Structures are given as structure tokens and as C-alpha cells.
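The values are calculated or read from the model by the stated rules, or taken from the named source; none is laboratory data. None of these values were measured; they are calculated from a predicted model. A quick note on method: Cβ atoms are made from the backbone with ideal geometry, for glycine too, and the neighbour counts reach across all protein chains shown.
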Amino acid sequence: MVPDNVRITSYLSVYNNQYDNSILSLPYGPKQGLSYGTCFQVQRVHQEHFIAGMSLGYENLRSRVPIEAVEGMVYYTSFNTPASGRAYLANHFINGFPYLGYRFDLGPMALDLTGGVDVGYLYFGRIVGRATTDEGKTYQVQRRYKTNSFDARTRYQLTLTRKRFGVYAGYSNGFVNYTPRSWTYGWKVERTRVKSNLIRFGILYKVKG
């Protein structure tokens, strides 16, 4: 997740030390988390080497944001203290990727250059984080979090195959804003835009063809 024109830090707001009531002021961050996924795809390569295909799969996309402070109320006493920690936002997507492309023959190998629109349905999102104050007190956040139900991204991919095995690398640039309104909770950030940027690497196995 990449917010535009905003300093990427966050603070943790807690109530009575209950992490299920904790709120993260800004859950989106530009740092990568460990993401993974799987997909099935069908494609047709024409005699002129043009490609048309469709991919359908699942992805767990994670981003990381640093936490610099903890604030809140414990038994009717408010506090605000510096802290250090991190939080992860995990978004679980069902993705569809219709694409077109071109195949280059490289002797026993084939190089496919493809591009299209990556459309994802976000069916579940979750924030998990932890921060420790300078006094050594640790606070946690663990809650469901979802703003948009859909994301759309332009996607470009290179795939190198030999017989039934292959590897690929791709890049996706999202154009859906995850914060359509100005951020008004916590640190107020006007006209914040948050979009997804993804770099993918993977391996593949060709079942047929």
C-alpha cells in the first residue's frame, strides 16, 4: 500500500489495555510484508505468437507500517507516550486477470510478455500489530479491517518457460483509492490517497499444452 503525499507512520490507540478494542491511526504502509498466492490460468497462443488468456487465483497481500506512539485511556486516565513497533495489514483477495500478450521463441524456451487488468475482490482484511513504549509496556492491535471490496490494477508480466516448467515476474499498479475521504481520525491527513503496488515472482507448471 502506498499513500501519496503523507509521512508514513502511525500510532496505536487503546482502551483499557484490550487489543480487540485497539485502533491503528493509519494502517497502510509502503513496506512489504510476506505475501503469497496461487492461481490457475488458461491461455491460447496463436500462430502469429499472439497470446490471450485468463488467470484466476487467491492472494494474501501484506503491507507493513511502523508505529511511533501509543495513546488512549486506561481506567479513565488518558495517556500519550512514544513507542516503537510495527503492524501488518493482510488483505485476502480473489483475483481475476484477463490478459493479452506476445510470445518470443528462444530455442527450447519461450518468453511471454503479457499485460492486462488485475481485478481483485477483497473478502477479508486483518490488522495485527505490537508496540512497546519507552517504559517497556507492550500494547497490541488485532482486528478486522476493510475499506474497499474491490481493487483494480494494471498488470504487466514476463514468463519464461521450458517444457512444462517456468518462472515469472510481474508488476501491478493499482488505481483504486483505499481512502476515498480525507483522513479525519487521529492525525488528520487531508486528501490522502492510498493505492496498491505489487511486485510478483513465482513458478509455474503447465498441466496441458
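Summary table
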{"read-out": "Residue match in the range 81-96 (condition: in contact with a Cys (Cβ under 8 Å, 6 or more places away or on another chain) and part of a strand (DSSP E or B))", "value": "yes"}
{"read-out": "Selected residue (criterion: farthest from P66 (Cα to Cα)) from residues of the range 131-145 that are in contact with a Ser or Thr (Cβ under 9 Å, 6 or more places away or on another chain), part of a strand (DSSP E or B) and without any contact (Cβ under 8 Å) to a residue 60 or more places away in the chain", "value": "T138"}
{"read-out": "Filter result (closer than 25 Å to L198 by Cα, outside any strand (DSSP E or B) and either touching a Phe, Trp or Tyr at 6+ places or on another chain (Cβ under 8 Å) or modelled with pLDDT under 85 (or both)) within the range 146-179", "value": "K146, T147, N148, S149, V176, Y178, T179"}
{"read-out": "Among (1) in contact with a Gly (Cβ under 8 Å, 6 or more places away or on another chain); (2) of a type in the set (G, A, S); (3) not in a strand (DSSP E or B), the one test that G101 misses", "value": "(3)"}
{"read-out": "Those strands (runs of 3 or more DSSP E) lying entirely in the range 1-69 with at least 3 residues at pLDDT below 85 and under 18 Å from the mean Cα position of the chain (by Cα)", "value": "2-4"}
{"read-out": "Residue check, Y123 of a type in the set (F, W, Y) and touching a Leu at 6+ places or on another chain (Cβ under 9 Å)", "value": "no"}
{"read-out": "Hey, G115 at pLDDT 85 or above, in a strand (DSSP E or B) and among the small types (G, A, S) or not", "value": "yes"}
{"read-out": "Per-region count, the range 120-130, residues among the small types (G, A, S) and either over 13 Å from H92 (Cβ atoms) or not in a strand (DSSP E or B) (or both)", "value": "1"}
{"read-out": "Counted residues, the range 185-209 - those being outside any loop (DSSP other than H, G, I, E, B), of a type in the set (K, R) and modelled with pLDDT of 90 or more", "value": "1"}
